[in-house]
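Before any comments, here is the structure.
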Amino acid sequence: MSKTYLITGATSLLGLALMERLLPTLAEGDLILAQGSGDLARLAGLCQARPGFIRPYDVDFTQPLAVRAFLSDLADTYPVPTHLIHLAGMRDLPAPYACFDEERFVESRAVLVDSATLLCKSFLPRMAEAGGGRVVFQLPSGLPDVPAGQMAASSILKNALEGLAQSLAEEYAAAGLTVNCILPGPFRTESGDPGPVRPADVVPAVLFLLSEDAAKINGVTLPVGTL
C-alpha cells in the first residue's frame, strides 16, 4: 500500500532531517505533504533530490482560515494520510511569568495545539476507516540553561498537546491507529547556540514510532536526550 506522510513544520531542522531519511525509502506512489510557513525555499534541495515525491504547502498556522483551506485542499487532492507527523511550533521565548506575553501565547497555541486539533479531527476518522496509521506529535522542549519557571507558555502547551495525544490514542486504538509524542531535549539552534540534542538524534525515534514495529506502542511520550 502506498504511504502518504503529512508533515507539519517540515521546514524545521527536525522536519528537514526527517525527510532526508524518509526520501530514499519512498516507493512509487508514496508522497510527503510538507507544510512550512514562509520558508519553503528550505525544501528545494530535497524536492530536487527526488522530484515528485514532495508536495510543499505554505500555510500560516496562526490563521485559522488558512489552516482550514489547507486541510480542505489536502482532503480533496490526496489520499488519506497514513502517517501524520506534527512538528509545527514557534520558538520559545523564556520570561518570568510577570512578563507573560499573551499575544504570543495565543499564536503559539494556534500553531502547536489548535492546528493539531483540526488536523486530527479532519484525518483521524478517515485514517481509522482506512485501517489505521501512525500519528506523532513533537512536544515543546526547554532551552539550554533556562529555568523551568521561565517557560510557563511552553509548559502549558506541552501538557495540552500531550493530553490530546493520550485522548486520541485511547479512542482510536481499536482501529489500529497509534498516537504518540516525542519530547526532545533542547536543540542546538540554527545560530549555533549550544544544546545537547541535534535533529539527527531525534529522527530515529520518530521513524520508530512511525514504523510497524511500534504497532503496540500507543499513547506514550518518548524522551530523546532529556530526562
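The values are calculated or read from the model by the stated rules, or taken from the named source; none is laboratory data. No experiment lies behind these values; they were computed from the predicted model shown. Positions of Cβ are backbone-derived with ideal geometry, glycine not excepted, and every protein chain shown enters the neighbour counts. To get the accessible areas, we keep the full protein, side chains included, count just its heavy atoms, and leave off ligands, DNA and RNA. Shrake-Rupley method; radii C 1.70, N 1.55, O 1.52, S 1.80 Å.
For a straight C-alpha distance cut-off of 23 angstrom, the lysines reachable from Lys216 (same-chain residues fewer than eight places away being disregarded) are Lys3, Lys121.
In this simple spin-label model, placing a label point 7 Å from the Cα along the Cα-to-Cβ direction at both Val224 and Glu162 gives a separation of 1.7 nm.
Using the alpha-carbon atoms, what tilt in degrees (0 to 90, nearest 10) does helix 152-172 show relative to the longest principal axis of the chain? It is inclined by approximately 30 degrees.
In debye, nearest 20: dipole of the chain around its Cα centre with unit charges on the Cβ of K, R (+) and D, E (-)?
Values: 16 positive and 24 negative charges, 71 e Å.
So the magnitude is around 340 debye.
Rg and Dmax of region 1-45, both derived from C-alpha coordinates alone, stand at 10.5, 33 Å. Note on Arg42 and Ala200: the model spin-label points, each 7 Å out from Cα along the C-beta direction, lie 1.7 nm apart. For the residues Cys181, Cys99, Cys47, a GNM of the chain with alpha-carbon springs under 10 Å puts the largest fluctuation on Cys99. Of the residues Pro96, Pro199, Pro125, which exhibits the maximal mean-square fluctuation in a Gaussian network model of the chain defined by a 10 Å Cα contact cut-off? It is Pro96.
Could you tell me what % of all Cα pairs in region 51-159 have separations over 18 Å?
In whole percent, the long-distance tail amounts to 56.
Over the chain, with every protein chain in place, what whole percent of the accessible area is carbon and sulfur at 1.4 Å, could you tell me? Can you show the working numbers first?
Values: 6000 of 11000 Å².
Ligands and nucleic acids excluded, carbon and sulfur reach 55 percent.
Counting only GluC sites (Glu not before Pro) that DSSP places in a loop and that have at most 16 other Cβ atoms within 10 Å, the longest clean stretch of the chain runs over 29-189.
How large is the accessible surface per residue of the chain, computed with a 1.4 Å probe and reported in Å² as a whole number? List each step's numbers first, then the result.
Details: 11000 Å² over 227 residues.
Ligands and nucleic acids excluded, the figure is 48 Å² per residue.
Relative to the longest principal Cα axis of the chain, at what angle does helix 115-129 sit, 0 to 90 degrees, rounded to 10? Long axis of 115-129 versus the principal axis of the chain: about 30 degrees.
Simple rule: put +1 on each Lys or Arg Cβ and -1 on each Asp or Glu Cβ in the chain, find the dipole, and look at Gly15, Met151, Tyr97; the Cα lying farthest toward the positive end is Gly15.
Is the shape of the chain best called rounded, prolate or oblate, per the rule: a/c under 1.5 gives rounded, else a/b larger than b/c gives prolate, else oblate, with a ≥ b ≥ c the square roots of the Cα gyration tensor eigenvalues? It is rounded, given that a/c, with a ≥ b ≥ c, falls under 1.5. Between 0 and 90 degrees, the angle of helix 13-22 with respect to the longest Cα principal axis of the chain falls at about 20 degrees.
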